[in-house]
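Okay, so here's the structure we're looking at.
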Amino acid sequence: MAEQQTAAALADQLTGFLKAFKDRDGNYKYFDRINNMMATNALSLVVDYIDLDSFDPMLAKEITHKPDEYLDSFNQAVLSVLQEIHPDYEQEIRDKIRVRIGNYTVQKGLREINAELIDKLVGVSGMVVRSSEVKPLAKKIGYRCANCGTITGAELKGLVLKRPAKCPACSEKELEMDAESSVFIDFQLVRLQELPEDLPAGQLPHYVEVTVMGDLVDQCRPGDRIMLTGVIRIEQEQLAPQARTSLFRLRMEGNNIEYLGGRAGNKDTRSTDRIMISAEDERQIRTIAAKPDAYEKLIASFAPHIYGHSEIKEAILLLIVGSVTKKLQDGSTRRGDINVLLVGDPGVAKSELLKFAAKIAPRGLYTSGRGSTAAGLTAAVIRDKSGIMMLEAGAVVLGDLGLVAIDEFDKLKPEDRSALHEVMEQQTCSVAKGGIVATLNARTSILSAANPMYGKYDPYKNITENVNLPVPLLTRFDLIFIVRDMPEKEKDNLIASHILEIHKDIEHAAKPAIEIDLFSKYLAYAKHGEPALTEEAVNLIRDYYMNMRKVESEGMITVTPRQLEGLVRLATARARLLLKDRVEADDASRAIFLVEQMLRTAGVDVNTGRMDVGVLYGKPQSETSKSKTFMDVFKGLSGNDNNDVEERALVDELAKTGKFADENDARKYFEKAKREGQIYERRPGFWSKA
Ligand code: ADP
Ligand code: MG
C-alpha cells in the first residue's frame with residue numbers, strides 16, 4: 001500500500017515536471033511533445049536528463065539508482081498528461097508507452113560494467129557488432145483453464161515468464177495459452193562491443209548483450225556506434241538445459257539509443273567519430289595547415305620510425321582523409337574512398353605501415369588475411385544461444401566511414417576475396433543467409449599489403465604473375481606500390497642507422513614533427529572538408545587523361561576511366577589533407593604524379609617494356625596479341641578441313657612468327673592454351689581445336 005502511495009506521489013512529481021518545464025525559449029517542451037504524440041503515432045517520449053537535472057537535481061539523481069520505479073512512474077506521468085489532452089490516444093497506447101532518457105550523463109565504460117551495477121541505469125558507448133531478427137516477446141500471457149475457463153495472467157520478469165502451475169479457481173493442471181489476453185512486444189537482441197579506440201592495447205574487447213523492445217527495435221545496425229542508456233540485469237547462464245550453474249551473465253535492457261556524435265538520437269545527425277576536437281585543437285590544426293611546409297611535415301609525421309617510403313606514406317595519408325562521396329541525381333553514388341595496395345618483398349615494413357595507419361586513422365581497423373574469414377571480413381549470420389538468428393558484422397562493416405587495413409592480402413581465401421569485390425566498388429556488403437537478407441554500409445577505405453608468390457618480387461614478370469590476386473580486385477585499387485628490397489649501400493646504411501637509432505634511444509629518436517594525438521585529430525578534422533574542383537585542376541586531369549589515351553598503339557591501353565576517377569579522388573584528398581576549400585592545380589599534378597608512378601611500375605608490361613593497364617586486368621596487349629597469333633597459326637595448319645595439328649610443327653611455326661620471344665616462350669604459350677582448354681589432344685602428339 002505504502003509502495004503504491006510513493007509510486008503515485010512520484011508520478012505526480014514527474015507530471016509536474018512534464019507540465020511545468022520550459023526550455024530556454026520559454027516553450028513548454030515536454031507538454032508540447034506529448035501534445036504531438038497522437039499526430040506522429042509516437043509510443044515513446046525522450047526526456048533529456050539535463051532538463052530533469054536542472055529542474056530538480058534530487059529527482060534526477062534518484063533515477064540512476066531506482067530506474068524501474070522511476071521509469072514506471074514516468075510512463076504513468078506521461079499517460080496522465082496525455083489523458084487530459086488526448087484521452088482516446090491515451091487508451092490506445094496505455095500498455096506501450098515508454099519514457100526514454102536521453103543525454104544521460106552517468107556514463108560507464110563497457111569494461112566497468114559489473115555486478116555492482118545490477119538494476120542501475122547506466123549509459124555506455126560501444127559499437128553494435130551483432131543484431132538479431134525481430135521476434136515477438138510475450139510481456140503477459142493469459143492462461144485459460146481447460147476445466148473452468150478462468151484466465152490467469154502471467155507477467156514477464158526479466159526474460160522469463162512463469163507459467164502458473166495450476167488454475168487458482170479449480171486447481172486444474174491443464175492450462176492453455178489464450179492469445180487474446182496476451183500482450184506481445186517486438187523484441188531484438190543486440191551485442192555492443194567496446195570501441196576499438198577504448199580498447200587497451202593487446203586486450204580482448206569486452207561486450208555486453210542488450211535487449212531492445214518496442215520502437216527501439218531496428219534502431220541500430222551492426223557497425224553503428226551508439227550511446228546506449230539502459231538498465232543492467234543479471235541472468236543465469238544456461239549451459240545445458242536444466243543444468244543449475246552459479247555462473248551468471250549481465251545483460252542490458254535498452255532504454256534509449258543515441259548515435260555517437262549527434263546526440264539528438266536520429267540517424268541523420270550522427271557523426272563518424274567520437275574524437276572531440278576542442279577549439280584549442282582546431283587552432284593548432286589550422287596553424288599546422290597554414291605553414292608552407294605543411295604537406296611535407298604531415299608525411300614526415302606518419303610512422304616516423306620507418307625510414308623512407310615517403311610516397312607510400314603520402315598515399316596512405318590521402319587514403320585516410322579520402323575524397324568526397326558524390327550522390328548522383330539517380331540515387332547512385334560515386335565512391336569517394338581511396339584504396340591502396342602495397343606489393344613487395346618481405347621485411348620492407350609493409351605491415352608496420354599498415355598497423356600505424358590503422359592506429360592513427362579515425363575508425364581504423366587492422367586485420368590479416370591469414371586469419372580472416374569471409375564472415376570476419378564482411379558479415380555473417382549466426383544462431384545465438386537463445387535460438388535467435390543474429391547478423392554479425394565483420395571488419396569492413398565495422399570500419400564503415402573509416403579504414404580497414406588488410407595485411408597478407410594474398411593469403412585471403414577465394415570466397416573472402418570475392419566478398420571484397422562488392423565492398424571495394426559498391427561500398428556495401430550484402431548478406432543473404434539463414435533468412436536474413438540485408439545490405440550493410442561498408443564505406444571503407446581498404447589499405448592492403450601482399451607478398452609475392454615466390455618469396456621475392458620478380459621484376460621480369462608482370463604483377464599478376466607475381467602476386468596471387470584475382471585480377472578484377474586489382475583494378476579496384478587507386479594506387480599500387482611495388483616495394484622491392486634491393487641492396488643499395490647508401491640507402492641500407494641510412495635504414496640501419498635509423499633502426500639502430502630507435503633501439504639506442506627510444507625517447508629521443510624519431511620524434512614526429514606533429515605529436516600523434518594531434519595528428520589523429522588533424523586527420524579526423526580534415527575528413528570533414530568538401531573542397532570543390534577548380535577549372536585548372538579539371539583541365540590538368542583532362543589533358544593528362546587525353547594524352548595518355550592518345551599513345552594507344554596496337555590496341556594497347558595506358559589509362560582507363562577507373563584511373564580518371566582515381567585522379568579526381570586523389571587530388572580531392574590532397575586538398576582535404578591541406579584543409580583547402582578548393583582542389584587546385586598543384587593537387588591535380590600531385591595526383592597525376594602518383595598515378596603515373598603506379599602506371600610506370602605496376603602498369604608496365606614487362607614483355608614489351610611499355611605501359612599497358614592491361615597487365616592490371618591480367619591481359620596485357622602482348623598476351624592478347626599472342627593469343628590471336630596462336631589461333632591464326634593453328635587455323636593455318638589445320639586448314640579448311642580442320643585436320644589435327646602436330647605439336648612439333650605448331651611450336652616451330654609459332655616461334656617463326658616473331659610474336660614470341662623464342663621457342664621456349666612459344667611452347668609456354670602452347671602449354672597455356674592446353675591448360676585453358678582451347679585445344680585438346682585427339683591422338684598422341686596431335687591436337688585439335690576445342
Ligand atoms: P613486411 O610486412 O613488409 O614483411 P614488416 O613490416 O614486418 O615487413 O617489417 C619488418 C621489420 O623491419 C620491422 O621491424 C620494421 O620496423 C623493419 N623495417 C623494414 N624496413 C624499414 C625501414 N625502411 N625503416 C625502419 N624499419 C624498417
Ligand atoms: Mg608483413
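The values are calculated or read from the model by the stated rules, or taken from the named source; none is laboratory data. This one's a predicted model, so the numbers in the text were calculated from it and none came from an experiment. Every residue, glycine as well, gets a Cβ built from its backbone with ideal geometry; the counts of neighbours run over all protein chains shown.
Scanning the stretch 305-341 for residues that are within 16 Å of ligand 1 (Cβ to nearest atom) and either within 19 Å of the chain's Cα centre (by Cα) or buried (at least 19 other Cβ atoms within 10 Å of the Cβ) (or both) gives I306, H309, I312, K313, E314, A315, I316, V340, L341.
Among the residues of the stretch 503-549, the ones that are of a type outside the set (D, E, K, R), modelled with pLDDT under 85 and under 34 Å from the mean Cα position of the chain (by Cα) come to 3 in all. Residue-level analysis places F356 among those that are aromatic (F, W, Y), within 16 Å of ligand 1 (Cβ to nearest atom) and under 23 Å from A442 (Cα atoms).
For G344, indicate whether it is within 14 Å of ligand 1 (Cβ to nearest atom), closer than 24 Å to M598 by Cβ and modelled with pLDDT under 85. No: the conditions fail for G344. For the stretch 389-430, what are the residues that are within 16 Å of ligand 2 (Cβ to nearest atom), assigned to a helix (DSSP H, G or I) and either farther than 16 Å from L354 by Cβ or without any contact (Cβ under 8 Å) to a residue 60 or more places away in the chain (or both)? Correct list: D410, K411. If the condition is being surrounded by fewer than 20 Cβ atoms within 10 Å (Cβ to Cβ) and in contact with a Ser or Thr (Cβ under 6 Å, 6 or more places away or on another chain), then the stretch 44-89 contributes only S80. Of the residues making up the stretch 638-645, at least one is in contact with a strand residue (DSSP E or B) (Cβ under 8 Å, 6 or more places away or on another chain) and polar (S, T, N, Q).
Here is the figure for the stretch 110-138: residues that are out of contact with any strand residue (DSSP E or B) (no Cβ under 6 Å at 6 or more places or on another chain) and surrounded by fewer than 14 Cβ atoms within 10 Å (Cβ to Cβ) total 5. One residue stands out in the stretch 604-624 among those that are more than 17 Å from A661 (Cα to Cα) and of a type outside the set (A, V, I, L, M, F, W, C): the one that is nearest to the chain's Cα centre (by Cα), namely Y617.
Only residues that are more than 16 Å from ligand 1 (Cβ to nearest atom) and modelled with pLDDT of 85 or more were counted across the stretch 400-416, and they come to 3.
Kindly provide the set of residues from the stretch 339-359 that are aliphatic (A, V, I, L, M) and either within 9 Å of ligand 2 (Cβ to nearest atom) or not assigned by TED's automatic domain parsing to the domain that holds F519 (or both), ordered by number. V348, A349, L354, listed by residue number. Would a scan of the stretch 376-388 turn up a residue that is within 16 Å of ligand 2 (Cβ to nearest atom) and under 25 Å from I312 (Cα atoms)? No: zero hits. Take F17 and tell me if it is within 16 Å of N256 (Cα to Cα), assigned to a helix (DSSP H, G or I) and aromatic (F, W, Y). Criteria not met by F17.
The helices (runs of 4 or more DSSP H) located wholly in the stretch 274-343 that include 1 or more residues which are over 29 Å from G126 (Cα atoms) and in contact with a strand residue (DSSP E or B) (Cβ under 6 Å, 6 or more places away or on another chain) occupy 310-321.
Taken as a whole, the structure places E535 among residues that are in the same structural domain as K327 (by TED's automatic domain parsing), out of contact with any helix residue (DSSP H, G or I) (no Cβ under 9 Å at 6 or more places or on another chain) and over 21 Å from Y460 (Cβ atoms). Considered as a group, the residues in the stretch 354-366 that are touching a strand residue (DSSP E or B) at 6+ places or on another chain (Cβ under 7 Å) and of a type in the set (A, V, I, L, M) include one that is surrounded by the fewest Cβ atoms within 10 Å (Cβ to Cβ), and that residue is L365. Hey, could you check the stretch 600-645 for residues that are in a loop (DSSP other than H, G, I, E, B) and closer than 23 Å to G677 by Cβ and say which is modelled with the highest pLDDT? Ranking the candidates gives D644 first. Going residue by residue through the stretch 363-371, is there one that turns out to be away from ligand 1 (no atom under 16 Å from the Cβ) and either farther than 30 Å from H305 by Cβ or in a loop (DSSP other than H, G, I, E, B) (or both)? Yes, there is a match, as at least one residue in the stretch 363-371 is away from ligand 1 (no atom under 16 Å from the Cβ) and either farther than 30 Å from H305 by Cβ or in a loop (DSSP other than H, G, I, E, B) (or both). Of the residues making up the stretch 178-196, those that are in contact with a helix residue (DSSP H, G or I) (Cβ under 9 Å, 6 or more places away or on another chain), surrounded by fewer than 22 Cβ atoms within 10 Å (Cβ to Cβ) and of a type outside the set (V, I, T) number 5.
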